[in-house]
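Read through the structure below, which is laid out as structure tokens, and then see the notes.
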Amino acid sequence: MLQVFVTENYEDMSVKAAEEIAKQLIEKPNSVLGLATGSTPLGLYEKLIQQKLDFQAVKTFNLDEYVGLAPDHEQSYSYYMWHHFFSKINIEKSNVNIPPGIFTDEQAVTEDYENRIHEAGGIDIQVLGIGHNGHIGFNEPNSSLNACTHIVQLAQQTIQANARFFSSMEEVPKRAITMGMGSILKARKIILLASGEEKAEAINKTLNGNIDTSFPASFLQLHPNVTLIVDKAAAEVPVTPRNLSNRL
Ligand code: GLP
């Protein structure tokens with residue numbers, strides 16, 4: 001079931017999300033958290049750092065990583081996570097799991113990630129952002145979706161959106177390793193964060209669209225415990241010629 005919690009702004013969205021994580025860690029100090037990157041969860045990580053929560057026994061699994069980027073590359077998700085969050089909390093390095101961007105055996109690396117999630121007892125709370133095209137992690141719109149961790153060809157729209165972080169188009173990664181929709185939907189609870197009017201259409205489709213591989217976030221409708229924490233701007237149904245005629 002999808003629940004929606006609408007906040008006034010980005011700040012309140014981050015506070016509310018941090019409250020949910022804090023509640024989880026108090027109930028279960030050795031929780032397994034699924035974590036996301038992108039600009040949206042930065043406020044959440046800031047709030048969690050400020051609260052000085054105890055992460056000593058917590059295990060984390062990140063959703064995805066760019067293929068070809070080493071952990072010390074400034075645009076890698078590994079760098080992002082250590083820079084913005086892990087280096088500022090008391091987490092054990094051995095409890096941090098991020099899919100590797102550099103590997104030789106694709107099958108071994110993806111199977112190993114799935115096994116590690118399973119051995120940790122599964123994910124208690126999975127934090128998600130959302131791409132404009134409805135991608136979750138790096139599960140891009142497609143004619144079919146993969147259930148488990150896999151290597152994916154990034155959509156042109158995603159490559160273009162990421163280009164601003166790289167000095168040339170050639171450097172922008174074209175592939176990524178990502179948890180699959182099945183790995184994500186196995187989490188016991190999911191929190192999806194979105195902020196700003198540019199995400200409004202994606203949020204509307206997540207909630208009201210058909211469940212379709214052309215919009216991966218729509219699969220969240222099948223999960224029993226999903227909370228969307230979105231600010232007012234992202235909750236506003238965008239006016240498009242189609243829904244405008246419905247309103248008239
Ligand atoms: C990337 C990440 C996603 C993230 C999305 C949205 O594609 N792989 O996990 O949700 O960006 O990013 P932002 O929060 O910056 O809009």
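The values are calculated or read from the model by the stated rules, or taken from the named source; none is laboratory data. Remember, predicted model here, so these are calculated numbers, not experimental data. Cβ atoms come from the backbone with ideal geometry, glycine included; neighbour counts cover every protein chain shown.
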Looking at Asn62, Asn97, which one is within 16 Å of the ligand (Cβ to nearest atom) and more than 30 Å from Lys232 (Cα to Cα)? Asn97
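Please find, among Asn210, Asn162, the residue that is more than 12 Å from the ligand (Cβ to nearest atom) and polar (S, T, N, Q).
Values: Asn162 fails: more than 12 Å from the ligand (Cβ to nearest atom).
Of Asn210, Asn162, the one residue that is more than 12 Å from the ligand (Cβ to nearest atom) and polar (S, T, N, Q) is Asn210.
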Thr213 being closer than 30 Å to Asp105 by Cα and in contact with a Phe, Trp or Tyr (Cβ under 6 Å, 6 or more places away or on another chain): no
Quick one: Ser143 ticks every box in (1) at pLDDT 95 or above; (2) in a loop (DSSP other than H, G, I, E, B); (3) over 25 Å from Leu228 (Cα atoms) bar one, so which box is it? (1)
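With Glu74, Glu111 as the choices, which residue is surrounded by fewer than 21 Cβ atoms within 10 Å (Cβ to Cβ) and in a helix (DSSP H, G or I)? Break it down into steps so the answer makes sense when it comes.
Details: Glu74 fails: in a helix (DSSP H, G or I).
Glu111 is the lone residue from the list that is surrounded by fewer than 21 Cβ atoms within 10 Å (Cβ to Cβ) and in a helix (DSSP H, G or I).
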Yes or no: region 125-139 includes at least one residue that is under 20 Å from Leu193 (Cβ atoms), exposed (fewer than 15 other Cβ atoms within 10 Å of the Cβ) and within 16 Å of the ligand (Cβ to nearest atom). yes
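Would you mind finding the one in Ile91, Ile151 that is outside any helix (DSSP H, G or I), of a type in the set (Val, Ile, Thr), more than 11 Å from the ligand (Cβ to nearest atom) and in contact with a Lys or Arg (Cβ under 8 Å, 6 or more places away or on another chain)?
Numbers: Ile91 fails: in contact with a Lys or Arg (Cβ under 8 Å, 6 or more places away or on another chain).
Ile151 is the lone residue from the list that is outside any helix (DSSP H, G or I), of a type in the set (Val, Ile, Thr), more than 11 Å from the ligand (Cβ to nearest atom) and in contact with a Lys or Arg (Cβ under 8 Å, 6 or more places away or on another chain).
The rows are residues; the columns are (1) of a type in the set (Asp, Glu); (2) assigned to a helix (DSSP H, G or I); (3) within 16 Å of the ligand (Cβ to nearest atom).
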position: Val15; (1), (2), (3): no, yes, no
position: Ser39; (1), (2), (3): no, no, yes
position: Leu44; (1), (2), (3): no, yes, yes
position: Ile49; (1), (2), (3): no, yes, no
position: Leu53; (1), (2), (3): no, no, no
position: Gln56; (1), (2), (3): no, no, no
position: Leu69; (1), (2), (3): no, no, yes
position: Tyr79; (1), (2), (3): no, yes, yes
Pair list, Cβ < 8 Å and 6+ apart or interchain, from region 196-214 residues that are closer than 15 Å to Lys232 by Cα to residues that are among the β-branched types (Val, Ile, Thr) and within 16 Å of the ligand (Cβ to nearest atom): Lys199/Ile130; Lys199/Val230; Ala202/Ile130; Ile203/Ile130; Ile203/Val230
